[in-house]
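The values are calculated or read from the model by the stated rules, or taken from the named source; none is laboratory data. Just so it is clear, the structure is predicted and the values come from calculations on it, not from any experiment. Here the Cβ positions follow ideal geometry from the backbone for every residue, glycine too, while neighbour counts run over all protein chains shown. The area values use the complete protein model at the heavy-atom level, side chains included, leaving out ligands, DNA and RNA. Shrake-Rupley method; radii C 1.70, N 1.55, O 1.52, S 1.80 Å.
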Protein chains: 4
Amino acid sequence: MAGNTFGEIFKVTTFGESHGEAMGCIVDGCPAGLEISISDIEEELKRRRPNSALGSRDEEDKPEILSGIYQGKTLGTPIAIIVRNTNQKSSDYDELKEIYRPSHADFTWEAKYGFRDHRGGGRSSGRETLSRVAAGAIAKKFLLINGITISAVMTPSISAEKLEELKKEGDSAGGIIHCEVKAGTTGLLVGLGEPVFDKLDARLAAAILSIGACKGIEFGAGFSSANMKGSEYNALPCSGILGGISSGKDLSFNAVFKPTPSIAKKQKALAKDGSTKDIEIKGRHDVCIVPRAVPVVEAMTAITIADFLLLSRCARI
Amino acid sequence: MAGNTFGEIFKVTTFGESHGEAMGCIVDGCPAGLEISISDIEEELKRRRPNSALGSRDEEDKPEILSGIYQGKTLGTPIAIIVRNTNQKSSDYDELKEIYRPSHADFTWEAKYGFRDHRGGGRSSGRETLSRVAAGAIAKKFLLINGITISAVMTPSISAEKLEELKKEGDSAGGIIHCEVKAGTTGLLVGLGEPVFDKLDARLAAAILSIGACKGIEFGAGFSSANMKGSEYNALPCSGILGGISSGKDLSFNAVFKPTPSIAKKQKALAKDGSTKDIEIKGRHDVCIVPRAVPVVEAMTAITIADFLLLSRCARI
Amino acid sequence: MAGNTFGEIFKVTTFGESHGEAMGCIVDGCPAGLEISISDIEEELKRRRPNSALGSRDEEDKPEILSGIYQGKTLGTPIAIIVRNTNQKSSDYDELKEIYRPSHADFTWEAKYGFRDHRGGGRSSGRETLSRVAAGAIAKKFLLINGITISAVMTPSISAEKLEELKKEGDSAGGIIHCEVKAGTTGLLVGLGEPVFDKLDARLAAAILSIGACKGIEFGAGFSSANMKGSEYNALPCSGILGGISSGKDLSFNAVFKPTPSIAKKQKALAKDGSTKDIEIKGRHDVCIVPRAVPVVEAMTAITIADFLLLSRCARI
Amino acid sequence: MAGNTFGEIFKVTTFGESHGEAMGCIVDGCPAGLEISISDIEEELKRRRPNSALGSRDEEDKPEILSGIYQGKTLGTPIAIIVRNTNQKSSDYDELKEIYRPSHADFTWEAKYGFRDHRGGGRSSGRETLSRVAAGAIAKKFLLINGITISAVMTPSISAEKLEELKKEGDSAGGIIHCEVKAGTTGLLVGLGEPVFDKLDARLAAAILSIGACKGIEFGAGFSSANMKGSEYNALPCSGILGGISSGKDLSFNAVFKPTPSIAKKQKALAKDGSTKDIEIKGRHDVCIVPRAVPVVEAMTAITIADFLLLSRCARI
C-alpha cells in the first residue's frame, strides 16, 4: 500500500510529478476484447483542461498508449498510458523551495519523506488527476458496454462574472459536485459492492476523497438525514445503495471541494526555517478548480464501479 | 477483495452473522510485544452495548481470545477473538423471510447472492460492528503507547426525553458523530497517509462509510467550504491533514448516521413475490443507533491510524 | 502482508498456536450457494491425523463452523472454522524454553519478534496446517462442482518396517509428494493463472513452499530439464501449464519435504545464552511427516486453483 | 490480482508487449532518499543483453526514468521507467499467427483471453524480463545500503563450443542457476519473511517461478533431502532460512530453466484450426537462455528481499 494503486481487479496505478518527464497510468485487469482508441482517452483529457484565460497552464496533454492494446482492442495485459509534461515553468516555483504554501501538501510531504520535488507541488499537484482521467476513460468504456453511464456536474455552477470577480481579487472559490451513476436497461448495476468493509459507498468515498481538494462526501439524504425520523427516511424513494450494495436503481452522491489554495492575494506562510513569511503565489492557477474536477470525479467513480462489476462475477457458484 | 478485511499492515478481518454461532475478528499484523488483556476488549465492547430499556437485545458479549497473545503480550501472530451469540430470538424474524425491510440490505443481499440468512439481518446486522470494536481495542492500545488517542461523541447529543417520545411513536432518529484524533506529545501523528489514493482522509472515509448506517463524512470545514473563498479557507487554523498526510496537529471529522431503519410504526415493504405489504417490525431495535456507533467510529479510526503508523516506518531509507 | 492470508478472491486466513486455545481459519470470498457440511471438513481433517503409534499427539480435532454457512449452504460471507486444542502437553516443552531446536524456527522467530510461544513451536508448529486442511475442504468442494479433482501421494511411499527402524534409532525421514490436478470433463481447467507474476506455477510454488518442511518444487520435467535439448523437451506430452496458464490438460508437480527435525536422538543445539547444549527432544513427533503432508498439499493446491478459477471469470469482457 | 504486480511494500508493476511501443515498470513503495542514477539501471540491463552471435535480437534497451526521482534521489513516489522497443521484426512472426508454438504460451493465452498479440510472443515474451531487471536495479541499490548483496550464476556454465554445436543443430539447452544472498556485516538479513503463507522461501519461489522458463526451485539440501535422515539433515550447516524466516546467515537456492522452446529444427505444432503442422521457427532466439536469466533471477530475488526488509520494520512495537 504505497498508495498509488486503486482497485482490486480493475486496478489503476498512476505516476508522475507535475514538473517531471511525464504523467501516466497503468490499467491492469481490464478484460480482454474491449475496443479502445486513443481518441477515447483524448476526449476525456480535453474535458479536464482549463477552458479559459482563468485557468492554470494549458498543455496539449497528448496521451500515448505504450502497451495493452493491439488492433484497437484490449489484450488483457496492462495498459500503459503516458502524457509528456511539456509546458513546465519550474522557475515560477523557485522562491517556494523553502516555503510551505497554506492549505498545500508542502509541509506534510517534507515531514513524511524528508525530501520533495517542490516544483508545482510535485506529485501532490492537481496535474496528477490527468492520469486518473486517462484510466477512467477505459473504465467508462467498459461500463458503457454494460449499459452503465456516469455523469457529474458542479452544482450550483459558478458564473463567468463570479470567476472574473475572484480573479481580480486574486482569490478563489470551492463548490459541490453532484455525480450520478445511471443503471441503463441492462440490469447490471445490481449487486455491486462487497460487505462489510468494501461497501460500494465506502469505496466510492475513498475514491472521491482521494482527489486532492475534496473535503467531504454524502450519499442519498446525506447530512440532512441527521434530522430526519426513521419513518421519513424510509419513505424516501428507494436508494441506489442499500447495505453497501447497489440495488439496480440509479445512484448518486455529492462531493465538496475546497477553494483552490493557490491564490495571488498576499498570505502568511510557514517557511522551512520556522519563520512566517508573506507570499504572493505566482504561476497559473485555477480560480475555481471544481469544473475541472468534474471529469476526475467521473473517472474515479467509473474505476470503482468497473472494479465491482468484475468482482460481482464471483459472488455465486 | 471479498470485503471482510480492512487494512494493509494492521489488518482486520471480521466474520459472523447476527443469529449464527459467533461474531469474531482476526487482527493480523499487530506488532509483537504489545500488552493486551481481555479486559481491554471487554471495556470497549461494554461501550457498544445498549444502555437502556430503549435498545436492542442486550447480550453479555463475552469475548474470548483464541490466539496471538501469550503471557499477556502479542506474539506478532494473528489475534483471533470470538464472541458467542447467546440471545438470539430468531423467531422474531420468521415473517420477514419473504419481505425486504425498507432501508435495509435485505433486497440487495438477496439480489447479489441469491440466498441470505434473514434472521436479524444476518451478516448485514449492526451486530457485525461488535467485531470491529474488539479489533479496535487492540488498535487503540497500540496507538496509546505511541501517544495517540481517539475520542468520538454524538453532536448534538440526543436527550432521554426525545428518545422516549420516539419510542412511543414507534419511530427513530439519526445524528452526527464528531471524532477527534489527538496527537499527544510524542510527535508521532505526522506523516501518516499515503499519496495519492490512500490519503489519510480517503482511508478514513472508507473506514467510516463502511459502518452500516453512515451516509456521509466531512473533514475540516467540510461542506461549508463550498461557500468559502480561498483566502478565508487558507486562514483557518492549520488542518490535521494536508494533501492526505497528517500534519502532526489534532485532526477531526464529522460523520452522519441515518435513523435506525427498523421501526415499530406501520410501513410499506416490498415482498419477494413483488407485492407491497404493510409491516410492523418486531424485535428489539434501538430508537437511535448513534450513541452505540460512537465506539465503532473510534474503532475504525484507530484501525486506520494504526495501519498508517506502521506503514510510515517504510517511508524513508 | 502480515502473511497469514493466502489468495485474492478465494481468500484463506489461518490463526492459532499449537498450545493456544484453538486453531482456525476464515475462508472469505467463497461464492454463495455451495453445499458444505461439517463432515466435508471432518473427513479431510481425519486424513491429516497421525494414524499409528509412530505419530505425534492424536487429538480429536473436532471442527466447529462459526459463520458463513446457513441451511447447509455458503452465504457468500466469511466462513469461520475453529478446532479447539485439547491435548496439549506443554510441560514437555519446558526445557526448550531457552533452547533453539536444530532445523526449527525457534531461533528465527525469536530474532524477528523478540518474543515467542515456545510450547510445541507455537505458531510455527506443523499443527498450523490443520487450518489449511479445513479451508482446503471447502476449496475442494468448489472445484468438485466444476469437475476438477486433486490428489496427492507420497512417492515412493515409506514402508512400515522402515518407519519402525527409524523410530528405534530415534531418527526421521523426508520424502517427495506427487500431486495431480485432474481436469475432468467440464473443460474448466483452462485459462487459469495470471501473467506475469501470478503464473499458475508461481502461485502453486508459493502455496506449497509455505508448508513448513517443504524444501523444493518442480513442474513437468522439472530439474531433469536442465539436461534436455529443446527438441527433446518440446516433444514431451503437452504440459498442463504453458506460460503460467493452465492448458486444460491434467497438471502435476513434485514437492520435496525434509526429514522431521524433532528427533529423539541426542543432538547439539544452540541455547539462548549462546552456548551449545546436548538435547534429546521429548514430546510426540512423527518419524516421517510426509504422509500427513499429503492432504495439506492437496488443500493448498485446491485453494490456489479455486482462487484462479474465480479470477478467470474476469479475463474477458 | 491481474498478475502484473509483485510485492506488498516495495511493489513492482511491469507492462509491455515484445513488439508493442515500449516495455516498462513502476516501482512503488521505494523509500525516499535513495540515490539512483540512470547508469544503475543501464548496467543491469546490459547484463541481460545477448552477448554473442548466438542470441536473439540485440536492442539498445535505453531506459528512460519518467518519474519518482529528483536530483538523483528517490522521492518516495512511483518510479516509472520505460524502454522503447526499436528493433522489432514483426514480419518474422506472420506465419505463426495461426499456429501455437510447442512449449510456448501461444495456445493458453488464446484460450484465456480469446485474443492475443502473436508478434514475438507479445506479453509472454522473455523480453518482459527487461522490466524486472530495471526494477531490480533499484531494489539492489536499496539492499546495498543495507549491506545485502545478491549474486547468481549458471551452474555448471555452458561452454562456447557446446553453444556452437547446438546452434548448428538448430537446437537449444536448459540449465540451473544458483543464487546467493549475502548477509554482509550489517546484520540486517535477519527476521525477513512472514509466517505462515509469506515465508521467505515461499515468496522467493513465487518470484523465481514467475520467470517464464523456470520449472523448479530448491532451497538448502533441496530434493536431496528426500533421502536424508533427520540426524543427517540437522547436522548440516545452519540454513539461511528457518521456518520461512531468514536467520542472518547467507542464503541460497537453485532454480532450473527449461531449454529455449524456440528452435530452428523442424517440429510439429498445433494450428488454430486443430490440424498439426510442421514448423521451423524463424526469428532470433537464444540457444541457451540461462545466462541471460541470471540478472533476472537476481532482480526478482532483490525485489523480494527488499520488500521483506521494509516489512520487517513493522514486526515489533
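Structure summary
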{"read-out": "Count of residues meeting criterion [open to solvent by less than 40 Å² (accessible area, probe 1.4 Å) and not aliphatic (A, V, I, L, M)] in segment A:174-186", "value": "3"}
{"read-out": "Which listed residue is within 24 Å of B:G216 (Cβ to Cβ) and at pLDDT below 95, from A:L209, A:L189", "value": "A:L189"}
{"read-out": "Residues of segment B:20-35 classified as more than 20 Å from B:E194 (Cβ to Cβ) and open to solvent by less than 10 Å² (accessible area, probe 1.4 Å), total", "value": "8"}
{"read-out": "When residues of segment B:146-162 are limited to those that are open to solvent by 70 Å² or more (accessible area, probe 1.4 Å) and of a type outside the set (S, T, Y), the one farthest from B:G240 (Cα to Cα)", "value": "B:E161"}
{"read-out": "Residue identified as over 30 Å from D:G3 (Cβ atoms), without any contact (Cβ under 8 Å) to a residue 24 or more places away in the chain and away from chain B (no Cβ under 14 Å) among A:S151, A:S90, A:S67, A:S159", "value": "A:S159"}
{"read-out": "Any chance A:N227 is within 8 Å of chain B (Cβ to nearest Cβ), farther than 24 Å from A:G126 by Cα and open to solvent by 40 Å² or more (accessible area, probe 1.4 Å)", "value": "yes"}
{"read-out": "Flag if A:E169 is within 12 Å of chain B (Cβ to nearest Cβ), touching a residue at least 60 places away in the same chain (Cβ under 8 Å) and touching a Lys or Arg at 6+ places or on another chain (Cβ under 6 Å)", "value": "no"}
{"read-out": "Subset tally (residues that are open to solvent by less than 20 Å² (accessible area, probe 1.4 Å) and either at the interface with another protein chain (Cβ under 8 Å from one of its Cβ atoms) or touching a helix residue (DSSP H, G or I) at 6+ places or on another chain (Cβ under 7 Å) (or both)) for segment A:244-257", "value": "8"}
{"read-out": "Selection status of B:E17, open to solvent by 10 Å² or more (accessible area, probe 1.4 Å), closer than 19 Å to B:N85 by Cβ and in contact with a Gly (Cβ under 7 Å, 6 or more places away or on another chain)", "value": "no"}
{"read-out": "Options C:A80, C:A111, C:A137; residue that is in contact (Cβ under 8 Å) with a residue 24 or more places away in the chain and facing another protein chain (nearest Cβ under 7 Å)", "value": "C:A80"}
{"read-out": "Residue satisfying all of: in segment A:258-307; under 30 Å from A:L34 (Cα atoms) and acidic (D, E); farthest from the chain's Cα centre (by Cα) among these", "value": "A:D307"}
{"read-out": "Residue check, D:L270 touching a Phe, Trp or Tyr at 6+ places or on another chain (Cβ under 6 Å) and surrounded by fewer than 22 Cβ atoms within 10 Å (Cβ to Cβ)", "value": "yes"}
{"read-out": "Filter pass, B:E165 being of a type in the set (D, E, K, R), open to solvent by 50 Å² or more (accessible area, probe 1.4 Å) and out of contact with any strand residue (DSSP E or B) (no Cβ under 6 Å at 6 or more places or on another chain)", "value": "yes"}
{"read-out": "Single residue of D:I241, D:I217, D:I289, D:I279 found to be buried (at least 24 other Cβ atoms within 10 Å of the Cβ), among the β-branched types (V, I, T) and either touching a residue at least 60 places away in the same chain (Cβ under 8 Å) or in contact with a Ser or Thr (Cβ under 6 Å, 6 or more places away or on another chain) (or both)", "value": "D:I289"}
{"read-out": "Residue in segment B:192-199 that is surrounded by fewer than 16 Cβ atoms within 10 Å (Cβ to Cβ), within 12 Å of chain A (Cβ to nearest Cβ), at pLDDT 95 or above and touching a Gly at 6+ places or on another chain (Cβ under 9 Å) present", "value": "no"}
{"read-out": "Residues of segment B:19-52 that turn out to be under 15 Å from the mean Cα position of the chain (by Cα) and within 9 Å of another protein chain (Cβ to nearest Cβ), as a count", "value": "2"}
{"read-out": "Filtered residue count, segment B:271-299, keeping only those that are closer than 20 Å to B:I176 by Cβ and either within 14 Å of chain D (Cβ to nearest Cβ) or out of contact with any strand residue (DSSP E or B) (no Cβ under 8 Å at 6 or more places or on another chain) (or both)", "value": "4"}
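The rows are residues; the columns are (1) closer than 20 Å to D:C25 by Cα; (2) surrounded by fewer than 24 Cβ atoms within 10 Å (Cβ to Cβ); (3) within 22 Å of the chain's Cα centre (by Cα).
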residue	(1), (2), (3)
D:G72	yes, yes, no
D:S90	no, yes, no
D:P102	no, no, yes
D:A111	no, yes, no
D:G122	yes, no, yes
D:A134	yes, no, yes
D:I138	yes, no, yes
D:S172	no, no, yes
